[in-house]
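Down below is the structure, laid out as structure tokens.
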Amino acid sequence: MELHPDTTTNAGQLLAAASGGERRRGDRIFSNLAVAAGVTILLLLAGVAVFLLIEALPAVTADAAQLPEGKTLVDYIAPLAFGTVLAASIAVLLAVPLAIAVALFISHIAPRRIVLALGFMVDLLAAIPSIVYGLWGIFVLGPAAVPVLEWLEAKLGFLPFFAGPASSTGRTMLVAGLVLTVMILPIVSAVAREVFSQAPRKLQEGALALGATRWEMIRMTVLPFGKSSIISGAMLGLGRALGETMAVTIILSVSGVVTFNLISQSNPSTIAANIALDFPESSGLAVNTLIASGLVLFAITLVTNLAARAIIARQNIQ
């Protein structure tokens, strides 16, 4: 039995229309799910912000005599915000160069037979609980750092960062920053490593063919290609450092001062650590004050991420 040409053509058109309709339906479902996910994230973010604003309002409008320690809200939160930014800044300044070096070593220098094992070991650092890092910092890194702190005081004591007197226990802002460095290292390294490994192979081979050394090839092709990923990884690490609680709580010997001295016994606290320490015993307006400090931490994190997105967008345009 022969099929009429028109019948065959119509069948093909119907099949194509059916498959096209299925694809369009799948596209609509995927698009709707993506929009719903994005809107959900925005609603959650707005919900957190509204909750913090509502709960912080009583502390904002209260008299200083009613707040903890009889301080104004600004005087109470400012040292905590200072300590938060200081600890996170130390961590980022130390972790980002080290993470870039680790990522480049794994992606371009290390022998292939150890790349997977080495990458797994670095990523494993992110799986260690923060309280374990805190215990390691107070019992191992802190005592081991005491001779270094004393040397910094003796040799670089003219700088405000190392003015001393050096702590005899190692419970200092510098040690806390070093622990945070180790904690955010795998995050920054993982982001940078994935992008470095995707650098165009032809550009790398072309640079080497033109006589560039391996470092010159990395500097001219790999690093420019991964510039935005470095910024993204650094901001992710900064967000982790800003919100870290248990490790900083365990390590720091808090005195509530505002100081750039990184090696003394007197240290500013961080917002997250202060909330963890005071919240169980707080009630009434003291809870609202702690939530107000949490609102400040929320704002710091939000501004940091918005600034990072602006920098990345500018880099992509260039």
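Derivation of every value follows stated rules applied to the coordinates shown; laboratory data play no part. On a predicted model such as this, the values are computed, not experimentally measured, just so you know. No Cβ is skipped: glycine too gets one built from the backbone with ideal geometry, and neighbour counts run over all protein chains shown.
Some points to look at:
- Those lysines that a straight Cα-Cα span of less than 28 Å connects to K227, excepting residues fewer than 8 apart in one chain: K202
- Charge tally for S228 (other residues, Cβ to Cβ under 12 Å; Lys, Arg +1; Asp, Glu -1): +3.
- Taking other Cβ atoms within 10 Å as a rough exposure proxy, D63, D123 sort from fewest to most as D63, D123.
- On the beta carbon distance between K71 and L306, with R0 = 45 Å, the FRET formula returns roughly 0.90.
- Rounded to 0.05, the FRET efficiency of the A101 and D63 pair, given R0 = 51 Å and the Cβ-Cβ distance, is 0.45.
- Nearest-ten-degree value, helix 173-196 long axis tilted from longest Cα axis of the chain: 10
- Taking other C-beta atoms within 10 Å as the exposure proxy, E153, E205, E281 rank E281, E205, E153 from fewest upward.
- For the pair L285 and R314, the difference between a 0.36 nm per residue extended length and the Cα-Cα distance amounts to 6.1 nm.
- Length added when fully stretched, S168-V48, from 0.36 nm per residue minus Cα-Cα: 39.1 nm
- Taking a ≥ b ≥ c as the square roots of the eigenvalues of the Cα gyration tensor, the stretch 16-115 is classed as oblate, since a/c reaches at least 1.5 and a/b does not exceed b/c.
- Under the Karplus curve 6.51 cos²θ - 1.76 cosθ + 1.60, θ = phi - 60°, whole-Hz ³J(HN,Hα) for the stretch 162-172, x wherever Gly or Pro sits: 10, 5, x, x, 5, 5, 8, 10, x, 7, 10
- Debye equation applied to the C-alpha atoms of the chain, log10 I(q)/I(0) at 0.06, 0.11 Å⁻¹: -0.33, -0.86
- Among residues other than S293 with Cβ under 14 Å from its Cβ, the summed charge is -3 (Lys and Arg +1, Asp and Glu -1).
- Backbone HN-Hα couplings from phi across the stretch 251-264 [Karplus 6.51/-1.76/1.60, Hz, Gly and Pro as x]: 7, 6, 9, 7, 10, x, 8, 10, 8, 8, 5, 8, 10, 8
- Put in order of Cβ neighbour count within 10 Å, fewest first, the listed residues E194, E244 become E194, E244.
- Cβ-Cβ FRET estimate between A144 and I114, R0 fixed at 25 Å, reported to 0.05: 0.35
- Shape call, the stretch 40-91: gyration tensor on alpha carbons, a/c limit 1.5: oblate
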